[in-house]
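Notes follow once the structure below has been shown.
The values are calculated or read from the model by the stated rules, or taken from the named source; none is laboratory data. Because the structure is predicted, anything quoted here is derived from the model rather than measured. Positions of Cβ are backbone-derived with ideal geometry, glycine not excepted, and every protein chain shown enters the neighbour counts. These area figures cover heavy atoms from the full protein model, side chains too; ligands, DNA and RNA do not enter into them. Shrake-Rupley method; radii C 1.70, N 1.55, O 1.52, S 1.80 Å.
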Amino acid sequence: MKNTEGLGYTDLLKRHRPEMLYGTVFNFFSNFGQTFFISLLLPGMALAAGIAYEEAGYLYSMATLTSAALLALLGKWSDRLSSRAYGIICCSLFTVGCGLALGSSHLLLLAASILLIRWAGQGLLSHASTTAMAKQFPQRPAAAFALTSLGFPIGESILPIMATALISSGHHQWVWGLVLASSCLVLLPLAILGSRGFRAVPAAETTSTHRSLAGKNRVWRDPRLWVLLPHLVSLGFVMTAILFFSSILLKTKGWDIWWLATGLTCFALTRAFFTMGIGSWFKSRDALPMLVVTKLPLLIGCGLLLIPEAGAWMLIIFFLLAGSSQGIQMVISRTALTELYGPAIIGTAKSATTSLVILSTALAPAIYSWAGQADDTHLTHVVLWGNLALMAFATIFTQCLMPWLKRQSQLHAETVLDSDAHSR
């Protein structure tokens, strides 16, 4: 087995370049399935299919919910297949989705394309990257997670500009054509050729306790997963709400849309900075005790948006704080899951948590729309106060139950050791 204890970025780039390229490119292509990208193209796709934008929005919500369910059901196959085989399947599904998006002039094709791009793009590609890094670097994966996670902010920085330029010129279909070509020429060959030297999880690492957790769906019944639930879903829920209702927020606050565009750029840059910083600092530390730290910047940011008569610059500060939370959580949460469940069933555990996160992002617009339907001002207050309350609850809940979570993890580790001893 590779000795990956305490690897830094220089070591990873020198000794494990194929793994880093694989994880980074997979995360980059995952951006094509994210809300920020699809929302730019959905109006044109709806027009081509002859349906109203509201109807396309319903399709999008249904596709998001369905992709969460499919990821929960099928994500565990990343534990049973090699990283190469699983990556090829994920890339193939994504490529088919992009091809269908090119011909989405029919309602059924539109629905199928959105489902595949959300499921394979947002869900499976990033899932494949995470599980591959956990298997390749089982002892201290934080630096690998941090380095490959740069694919996310790189995409967030350049893809909206590219898509907006093509949409403005009246060629929105060209976007999916370029994505399809890139998937065929870059993503699929990388999945086939770039993972040939990846390690498989040895049988010694697949303990009977791990097999029991994975094989009987006991991950879903593991209380540790549900204790982590507020921590896992709160950040995605809050950011989806802010982005989904951004036009109403800007209108009620009297802020220009330029501030939102600037804020998103700041978010991507800050996320990249903190991802790299925490990954380097964290390569020889345990992640579980640090989970609560990930929420503090965004909690402060939610509070700042509630300051009366705050200037538009407060939105920039919010996105800077949100980017730091996202960057820190990107590393710490994935490392904590690897510590809790081990590389043998990280795919099962990660698919369960990711499906819950996706589900929360689908529910956020619906919940706030229902709760704040009086008028725009009321909706803005509901969103801002609701976000602050959720972040405060997630922070306090995680901190209060952390001693219990650590005890349960220690007991689980002892059970694994006893199970291994009896099996031998």
Legend entry - Search result, residues across the range 100-111 that are open to solvent by 30 Å² or more (accessible area, probe 1.4 Å) and touching a residue at least 40 places away in the same chain (Cβ under 8 Å): L102, S105, H106, L107, L109, A111
Legend entry - F36 being surrounded by 20 or more Cβ atoms within 10 Å (Cβ to Cβ) and not aliphatic (A, V, I, L, M): no
Legend entry - Residue count for the range 288-323, restricted to those that are open to solvent by 10 Å² or more (accessible area, probe 1.4 Å), under 30 Å from W220 (Cα atoms) and modelled with pLDDT of 90 or more: 3
Inset, instruction - Using the structure shown, decide if G99 is more than 30 Å from T338 (Cα to Cα) and modelled with pLDDT under 85. - result: no
Legend entry - Pairs where the first residue, in the range 322-348, is closer than 29 Å to L269 by Cβ and charged (D, E, K, R) and the second is open to solvent by less than 10 Å² (accessible area, probe 1.4 Å) and in a helix (DSSP H, G or I), C-beta under 7 Å, 6+ apart: R334/T130; R334/F145
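Would you call P343 open to solvent by less than 60 Å² (accessible area, probe 1.4 Å), closer than 30 Å to P153 by Cβ and modelled with pLDDT under 75? If you could, list the steps in order and put the result at the bottom.
Numbers: open to solvent by less than 60 Å² (accessible area, probe 1.4 Å): yes; closer than 30 Å to P153 by Cβ: yes; modelled with pLDDT under 75: yes.
Yes; evaluated as a whole, the condition is true for this residue.
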Inset, instruction - Within the range 112-133, identify whether any single residue is of a type outside the set (S, T, N, Q) and surrounded by fewer than 20 Cβ atoms within 10 Å (Cβ to Cβ), and answer yes or no. - result: yes
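Residues are listed down the side, and each one gets a yes or a no for (1) touching a His at 6+ places or on another chain (Cβ under 7 Å); (2) at pLDDT 85 or above:
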{"site": "M1", "(1), (2)": "no, no"}
{"site": "Y9", "(1), (2)": "no, no"}
{"site": "Y22", "(1), (2)": "no, yes"}
{"site": "F36", "(1), (2)": "no, no"}
{"site": "L41", "(1), (2)": "yes, no"}
{"site": "E54", "(1), (2)": "no, no"}
{"site": "Y86", "(1), (2)": "no, yes"}
{"site": "S92", "(1), (2)": "no, yes"}
Inset, instruction - Identify all residues within the range 244-258 that are among the aromatic types (F, W, Y), open to solvent by less than 80 Å² (accessible area, probe 1.4 Å) and closer than 16 Å to W313 by Cα; write none if there are none. - result: W255
Inset, instruction - Within the range 354-396, work out how many residues are over 20 Å from T240 (Cβ atoms) and either open to solvent by less than 60 Å² (accessible area, probe 1.4 Å) or not charged (D, E, K, R) (or both). - result: 3
Inset, instruction - Determine which single condition S78 fails, assuming it passes every other condition in (1) open to solvent by 10 Å² or more (accessible area, probe 1.4 Å); (2) touching a Phe, Trp or Tyr at 6+ places or on another chain (Cβ under 6 Å). - result: (1)
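Being modelled with pLDDT under 90 and closer than 21 Å to C98 by Cβ narrows it down to one of L47, L65, L73, so name that one. Full working, then the answer.
Numbers: L65 fails: closer than 21 Å to C98 by Cβ; L73 fails: closer than 21 Å to C98 by Cβ.
Of L47, L65, L73, the one residue that is modelled with pLDDT under 90 and closer than 21 Å to C98 by Cβ is L47.
Hey, which of the helices (runs of 4 or more DSSP H) in the range 255-371, taking only ones fully inside, have at least 1 residues that are among the aromatic types (F, W, Y)? Show your work before the answer.
Working: elements: 257-281, 296-304, 313-341, 346-371.
Those helices (runs of 4 or more DSSP H) span 257-281, 313-341, 346-371.
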Legend entry - Extreme residue, modelled with the highest pLDDT, among residues of the range 259-287 that are open to solvent by 20 Å² or more (accessible area, probe 1.4 Å) and among the charged types (D, E, K, R): D286
